[in-house]
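K.L.:
First the structure, which I've put down as structure tokens, then a few questions once you've had a look.
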Amino acid sequence: MERTVLYGFGQSSASWRVRWALAVKGIAFELAVVDLGKDAQRSAEHLARNPIGRVPVLVIDGHALAESVAIFEYLEETRPAPALYPHEAFARARVRQVVETVNAAIQPFQNTRAFERAGADAATQKAYAHHFNEQGMVALEGLLGEIAREHGGRFAVGDALTAADLFLVPQVAGARRFGVDVQRFSRVLAVEAAAMATAQAADARPENQADAPKK
Ligand SMILES: N[C@@H](CCC(=O)N[C@@H](CS)C(=O)NCC(=O)O)C(=O)O
């Protein structure tokens with residue numbers, strides 16, 4: 001059988017999403033660290049895997065696939081159980097709405113490339129990321145409330161863990177990292193707690209990765 005290798009970085013929120021999805025689906029994988037602290041994502045070797053120079057990249061079934069949304073959907077289509085997307089069309093669309101709010105409207109503004117354009121000093125960069133995280137958490141709090149009224153349940157969408165939870169939780173950690181006071185987002189926190197209480201959640205956390213900064 002072909003090896004499954006996750007090229008990622010412990011502190012990367014997009015890598016966290018994929019580590020967690022692989023664990024939920026019970027897919028064994030090897031981890032190859034691409035050290036963002038050393039700019040390894042811009043090496044020729046990594047650019048050959050992903051031309052945009054970012055992590056994660058998953059080597060699976062003989063292919064190198066980047067972009068966590070594409071990875072999640074490929075995993076779901078090729079290894080459907082346990083499912084990370086609901087069957088019902090509108091619930092599935094809601095999962096994708098949460099996923100894209102994180103993936104397209106929040107996370108892009110906290111990566112190294114965005115910081116380079118935002119300004120040279122660390123305080124400017126943090127304020128920039130804070131802005132998008134705060135605005136994003138306000139939006140997610142409203143969206144999760146609306147979804148709870150439609151679907152009930154303790155997770156982001158209904159009563160089963162979905163891709164929405166796996167995208168949400170790393171972003172809440174990102175919001176905290178950039179100084180957002182998340183205490184006022186009660187629905188976000190309740191969903192985070194429910195998702196973190198599930199079986200594979202702890203192992204996927206950045207703190208539990210081999211490349212985590214030593215305390
Ligand atoms: N939309 C991409 C986001 C990938 C991304 O931004 N990865 C970050 C780490 S979380 C990265 O590699 N940053 C390096 C850089 O900006 O140079 C995905 O979901 O995979």
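K.L.:
Just to be sure I understand, how many residues within the stretch 49-63 are free of Cβ contacts under 8 Å to residues at least 40 places away in the same chain and either away from the ligand (no atom under 11 Å from the Cβ) or assigned by TED's automatic domain parsing to the domain that holds residue 109 (or both)?
P.N.:
2
K.L.:
So residue 46 fits all but one of (1) of a type outside the set (Ser, Thr, Tyr); (2) more than 11 Å from the ligand (Cβ to nearest atom); (3) farther than 23 Å from residue 99 by Cβ; (4) touching a residue at least 12 places away in the same chain (Cβ under 8 Å); what number is the exception?
P.N.:
(2)
K.L.:
Okay, next question. Being surrounded by 21 or more Cβ atoms within 10 Å (Cβ to Cβ) and touching a strand residue (DSSP E or B) at 6+ places or on another chain (Cβ under 9 Å) is the filter here, so list the residues in the stretch 11-40 that pass it.
P.N.:
14, 15, 16, 18, 19, 22, 34
K.L.:
Tell me the residue from 72, 109, 90 that is of a type in the set (A, V, I, L, M, F, W, C) and more than 15 Å from the ligand (Cβ to nearest atom), please.
P.N.:
Details: 72 fails: more than 15 Å from the ligand (Cβ to nearest atom); 109 fails: more than 15 Å from the ligand (Cβ to nearest atom).
Residue meeting the stated conditions: 90.
K.L.:
Being within 15 Å of residue 104 (Cα to Cα) and at pLDDT 95 or above is true for just one of 178, 167, 155. Which residue is that?
P.N.:
Numbers: 178 fails: within 15 Å of residue 104 (Cα to Cα); 155 fails: within 15 Å of residue 104 (Cα to Cα).
So the residue among 178, 167, 155 that is within 15 Å of residue 104 (Cα to Cα) and at pLDDT 95 or above is 167.
K.L.:
From the list 171, 125, exactly one residue is part of a helix (DSSP H, G or I), of a type in the set (S, T, N, Q) and within 17 Å of residue 96 (Cα to Cα). Which is it?
P.N.:
On the way: 125 fails: within 17 Å of residue 96 (Cα to Cα).
None of the other options fit; the residue is 171.
K.L.:
Next question, about the same structure. Criterion first (touching a residue at least 60 places away in the same chain (Cβ under 8 Å) and surrounded by 13 or more Cβ atoms within 10 Å (Cβ to Cβ)) does residue 167 satisfy it?
P.N.:
Yes: the conditions hold for residue 167.
The values are calculated or read from the model by the stated rules, or taken from the named source; none is laboratory data. Computed from a prediction, not measured in an experiment: that's the story for all the values here. No Cβ is skipped: glycine too gets one built from the backbone with ideal geometry, and neighbour counts run over all protein chains shown.
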